[in-house]
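J.: Can you keep this structure in mind? I'll have questions shortly.
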Amino acid sequence: MDTVLSSSSSLVVRSPLPPVRTVTSPSKHYSAAAIFSFTPSINGLRKNHQRPLRFFTSSTVPKPSIRCGAGIKEINESDFRSTVLESNRPVLVEFVATWCGPCRLISPAMESISQEYEDRLVVVKIDHDANPQLIQEYKVYGLPTLILFKDGQEVPQSRREGAITKPKLKEYVDALLETISVA
């Protein structure tokens, strides 16, 4: 936040965002964020105190990824046919994205379901951004989206969009498994 003082005692202009500086060298691109804080001095004017800059290079900036536990496998378009459509067990597919907050929210519940139902159900994740053909083919409009597949077909009324609590997820999976075992 920058403060501009003028000869008029009533004019103080503040920027709503801290400045971000970009420094380019011939070999690397550095981005630095500077955070400014202001404290009053003895004579009533504000002094600018700056924290040291943190530099990030392209190799030190963290890359988002979809993390899967032991029971959930991340698949892509090339694996979809063999893993989902040709499976001899029902497959619960979770469409997710790295930037999706609700996807991260239900991730522990999905891990638990994967371990609890591992003898009756396969659970896989598909990255929304990396698999646009599957997203278009299965018309995935909201994230996370859960779809159950059995015998290479989407189970009718199995589609579920949005975050869900672990007890509700368990109810959802139990109801789906009961429906497909009766049919």
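J.: Quick check on this structure: which one of Pro156, Pro167 is under 22 Å from Glu116 (Cβ atoms) and either among the small types (Gly, Ala, Ser) or open to solvent by 20 Å² or more (accessible area, probe 1.4 Å) (or both)?
T.: Exactly one residue qualifies, and that residue is Pro167.
J.: Sticking with this one: How many of the residues making up the stretch 140-153 are open to solvent by 30 Å² or more (accessible area, probe 1.4 Å) and under 21 Å from the mean Cα position of the chain (by Cα)?
T.: 2
Residue-wise test of (1) open to solvent by 90 Å² or more (accessible area, probe 1.4 Å); (2) at pLDDT 95 or above; (3) of a type in the set (Ser, Thr, Tyr).
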position	(1), (2), (3)
Ser37	no, no, yes
Pro40	yes, no, no
Val61	no, no, no
Ser82	no, yes, yes
Glu86	yes, yes, no
Pro90	no, yes, no
Ala97	no, yes, no
Val124	no, yes, no
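J.: Yes or no: the stretch 161-175 includes at least one residue that is of a type outside the set (Lys, Arg), part of a loop (DSSP other than H, G, I, E, B) and farther than 19 Å from Cys100 by Cβ.
T.: no
J.: Only one residue in Glu118, Glu137, Glu171 is free of Cβ contacts under 8 Å to residues at least 12 places away in the same chain and under 25 Å from Arg81 (Cβ atoms). Which one?
T.: The unique qualifying residue is Glu137.
Residues checked against (1) more than 26 Å from Ser78 (Cβ to Cβ); (2) open to solvent by less than 10 Å² (accessible area, probe 1.4 Å); (3) at pLDDT 95 or above; (4) not hydroxyl-bearing (Ser, Thr, Tyr):
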{"site": "Glu118", "(1), (2), (3), (4)": "no, no, no, yes"}
{"site": "Ala130", "(1), (2), (3), (4)": "no, no, yes, yes"}
{"site": "Tyr138", "(1), (2), (3), (4)": "no, no, yes, no"}
{"site": "Ser181", "(1), (2), (3), (4)": "yes, no, no, no"}
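The values are calculated or read from the model by the stated rules, or taken from the named source; none is laboratory data. Because the structure is a prediction, the values reported are computed rather than measured. Positions of Cβ are generated from backbone atoms using ideal geometry, with glycine treated the same way; all protein chains shown enter the neighbour counts. The area values use the complete protein model at the heavy-atom level, side chains included, leaving out ligands, DNA and RNA. Shrake-Rupley method; radii C 1.70, N 1.55, O 1.52, S 1.80 Å.
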